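Engineer: To start, I am sharing the structure in question, which I have written as structure tokens.
Readers should treat all values here as calculations from the given coordinates under stated rules, not as data from a laboratory. Because the structure is predicted, anything quoted here is derived from the model rather than measured. When we count neighbours, we look across all protein chains shown, and the Cβ atoms used for this are built from the backbone with ideal geometry, even at glycine.
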Amino acid sequence: MEYSVLSPKGRNFGQPVSQTHPELLREDEVTPGITRKEYNQRRLNLIEHIQNSLNRKDVIAVIPSASTHYMSYEVPYPFRQDTDFMYLTGFQEPDSCLVFDLRENKSILFVPKKDPMRERWDGLRMGSEKALTFTCVDETYNNDMLPNYLKKNCQQNLILYDYKHDSDYINGIIRSEVDKSVAQPINFYIHKLRLTKSKSEIELMRKTCQIASEMFIETMKFSKIGVNEAHIHSKLDFECRQRNAQHLAFPPVVAGGGRGTIIHYLNNNRQINDEMVLVDAGSELHGYVSDVTRTWPVGGRFKPEHLALYEGLLEVQQKVLQACVKNVCLEDLYLLMLDLLGSQLKRIGVIKESVKGMDIKRLVRQICPHHVGHFLGMDVHDTHTIPRGTQLHHGMIITVEPGIYITNDMAFVPEYFRNTAIRIEDDVLITDGEPDILTKNCPKLASDIEKLVNC
């Protein structure tokens with residue numbers, strides 16, 4: 001297949017292209033780091049995967065984009081493209097739809113039509129003609145032609161479509177034409193492909209993980225007794241964007257003291273006194289995200305009881321990281337984490353020496369109520385349809401994030417350990433040999449953290 005480039009005439013493309021952003025994209029790239037050839041191969045891989053799985057060709061697969069959502073009248077939330085749609089097209093406009101007709105092995109993209117009035121308010125649109133050259137799909141049409149296409153082609157064929165998708169405009173069209181009782185989910189087929197990262201994806205993941213590491217370093221230096229959680233949140237966002245990431249990967253957790261025992265604490269509005277702060281944050285770079293957690297004392301020194309917990313948890317995390325090799329699965333790593341954490345908590349004195357057997361695991365699950373990690377890539381909790389029992393192999397990326405959360409009401413724990421939260425999280429590339437820790441440049445030794453906070 002030939003991959004043509006866009007003409008430099010008429011630069012109303014609707015998203016960055018090499019002609020308007022030569023510092024960002026090469027001529028053969030649809031999005032930074034990902035070429036037209038790779039996007040086309042992803043589409044071919046999906047068609048082949050569906051055909052091999054279903055052993056039939058009378059299939060229409062429908063993958064909508066995201067839609068714009070509004071926080072109030074005419075005030076939109078920042079737009080983020082649906083990642084399954086993005087993975088297959090690189091096209092960043094809302095209210096679009098990718099359709100695969102497996103009868104002809106054909107990909108068809110429906111996009112918002114050119115509208116000078118709307119573009120003046122909402123931003124440029126590429127239009128169907130330029131979208132064809134830009135994406136190298138087989139056909140492109142305006143999205144107002146989607147209803148007729150579905151009406152004509154969805155009656156006698158198997159329909160693959162994710163009914164949980166939240167694209168309001170496109171979903172309204174699809175659901176008016178597609179019978180829910182005969183449609184089957186599509187996302188699992190896409191996630192099977194997304195699970196294994198290509199060389200170009202791994203390079204983007206390395207870059208976003210390095211950005212996250214650097215933003216944590218600068219934020220540790222910035223923190224001090226009396227700092228507000230909101231200021232740390234702002235510092236993370238600033239350092240992220242200073243390094244050319246588009247934005248933070250998700251609303252960060254910035255939890256001082258006992259607030260860190262709330263796993264998804266998002267208020268980020270309290271003053272931090274002479275206590276630890278748990279920060280869970282990441283950056284998003286050209287559609288790929290990092291996810292890191294570090295815990296540190298804003299006063300520059302770990303208290304003895306906190307240091308004991310921190311170093312015990314770090315030892316657990318390092319041993320689990322070493323076990324991130326081919327043919328194990330996240331469930332294996334979780335069970336390993338429970339065993340190691342139980343031993344450390346008994347050694348430190350959090351769990352009484354007299355506690356034995358399954359009672360240890362029961363208490364450990366109270367102290368660490370979440371899993372050991374998750375898949376990572378275009379989404380923070382990436383490829384969510386893939387079971388945690390899936391064996392790891394080269395090219396997969398996961399997080400490893402054991403934690404200790406001791407609330408005030410845990411009467412079985414000595415009082416001086418209570419109201420304490422610690423989590424340590426890194427991003428790991430599975431290889432054919434040793435695990436590749438993508439966030440290894442983010443300090444986590446207690447002595448290194450103390451030096452940073454005190455510098």
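Engineer: How large are Rg and Dmax for the stretch 249-366 when calculated on the C-alpha trace, in angstrom?
Structural biologist: 16.3, 52
Engineer: Right, here's the next one. Quick one: helix 304-322 against the long Cα principal axis of the chain, what's the angle to the nearest 10°, folded into 0 to 90?
Structural biologist: The answer is roughly 40 degrees.
Engineer: Please determine, in degrees from 0 to 90 and to the nearest 10, the orientation of helix 229-242 with respect to the longest principal axis defined by the Cα atoms of the chain, where the helix direction is its Cα long axis.
Structural biologist: Compared with the principal axis, the helix lies near 50 degrees.
Engineer: Still on this model: Below 8 Å, C-alpha to C-alpha, sequence gap of six or more: please give me the relative contact order for the chain in percent.
Structural biologist: 14 percent
Engineer: For the chain, with only Lys/Arg (+1) and Asp/Glu (-1) charged at the beta-carbon, what is the dipole magnitude about the Cα centre, in debye rounded to 20?
Structural biologist: 260 debye
Engineer: Determine the gain in length on full extension of the stretch LYS152-LYS361; use 0.36 nm per residue of separation and subtract their C-alpha separation, reporting nm with one decimal.
Structural biologist: Taking 0.36 nm per residue and subtracting the Cα distance, the gain is 69.6 nm.
Engineer: Another question, if that's okay. Quick check on the chain: helices-only [θ] at 222 nm, where DSSP H runs of length 4 and up contribute -39,500 (n - 2.57) each and the sum goes over total residues. Nearest 500, please.
Structural biologist: -11500 deg cm²/dmol
Engineer: Want the number for GLU218 to CYS455: 0.36 nm per residue separation, take away the alpha-carbon distance, what's left?
Structural biologist: Computed gain between GLU218 and CYS455 is 84.3 nm.
Engineer: Given a Förster distance of 60 angstrom, what is the FRET efficiency for TRP121 paired with HIS393, based on the Cβ-Cβ distance and rounded to 0.05?
Structural biologist: Rounded to the nearest 0.05, the efficiency is 0.80.
Engineer: Multiply the residue separation of HIS21 and ASP339 by 0.36 nm, subtract the distance between their alpha-carbon atoms, and state the gained length in nm to one decimal.
Structural biologist: 109.4 nm
Engineer: Right, here's the next one. Is the stretch 199-454 rounded, prolate or oblate when judged by the Cα gyration tensor, a ≥ b ≥ c being the square roots of its eigenvalues, rounded requiring a/c under 1.5 and prolate requiring a/b larger than b/c? Let's see the in-between values first.
Structural biologist: Details: a/c = 1.86, a/b = 1.09, b/c = 1.71.
Since a/c reaches 1.5 but b/c is at least a/b, the shape of the stretch 199-454 is classed as oblate.
Engineer: Pairs of alpha-carbon atoms within less than 8 angstrom and 6+ residues apart define the contacts here; what relative contact order does the stretch 29-194 have, in percent?
Structural biologist: It rounds to 26 percent for the stretch 29-194.
Engineer: Same structure again: Would you mind computing, in nm to one decimal, how far apart the modelled labels at LYS319 and GLU203 are, each placed 7 Å from Cα along Cα→Cβ?
Structural biologist: 3.9 nm
Engineer: If you don't mind, another one. Can you pick out the pairs among LYS37/LYS197; LYS152/LYS192; LYS224/LYS303 whose Cα atoms lie more than 18 Å from each other?
Structural biologist: Too far apart for the 18 Å limit: LYS152/LYS192.
Engineer: Can you give me the C-alpha center-to-center distance between the stretch 426-455 and the stretch 259-336, rounded to a whole angstrom?
Structural biologist: 11 Å
Engineer: State the answer as a single residue: which of ALA411, LEU285, GLY300 lies farthest towards the positive end of the charge dipole of the stretch 199-454, with beta carbon charges of +1 for Lys and Arg and -1 for Asp and Glu, about the Cα centre.
Structural biologist: Farthest towards the positive pole: ALA411.
Engineer: Follow-up. Using just the C-alpha positions of the stretch 29-194 as equal point scatterers, what log10 of I(q)/I(0) does the Debye formula give at each q in 0.12, 0.19 1/Å?
Structural biologist: For the stretch 29-194 at q = 0.12, 0.19 Å⁻¹, log10 I(q)/I(0) is -0.51, -1.31.
Engineer: Mind checking the stretch 17-77 for GluC sites (Glu not before Pro) that DSSP puts in a loop (not H, G, I, E or B) and that have at most 11 other Cβ atoms within 10 Å?
Structural biologist: Working: sites: GLU23, GLU27, GLU29, GLU38, GLU48, GLU74; in loops: GLU23, GLU27, GLU74.
Sparse-neighbourhood loop GluC sites (Glu not before Pro): GLU23, GLU74.
Engineer: Listing THR133, THR295 from the residue with the fewest other Cβ atoms within 10 Å to the one with the most, what is the order?
Structural biologist: THR133, THR295
Engineer: log₁₀ I(q)/I(0) of the stretch 28-83 at q = 0.13, 0.15, 0.24, 0.26 Å⁻¹, via Debye over equal Cα point scatterers, no solvent, to two decimals?
Structural biologist: -0.57, -0.69, -0.99, -1.04
Engineer: Can you tell me what share of the DSSP beta bridges in the stretch 29-194 is antiparallel? A percent to the nearest 5 is fine.
Structural biologist: Antiparallel bridges: around 60 percent, rounded to the nearest 5.
Engineer: Working from the alpha-carbon coordinates of the stretch 129-199, get Rg over Rh, Rh being the Kirkwood radius.
Structural biologist: 1.01
Engineer: Where Rh denotes the Kirkwood radius from the mean inverse Cα pair distance, what is Rg over Rh for the chain?
Structural biologist: Checking Rg against Rh, the ratio lands at 1.01.
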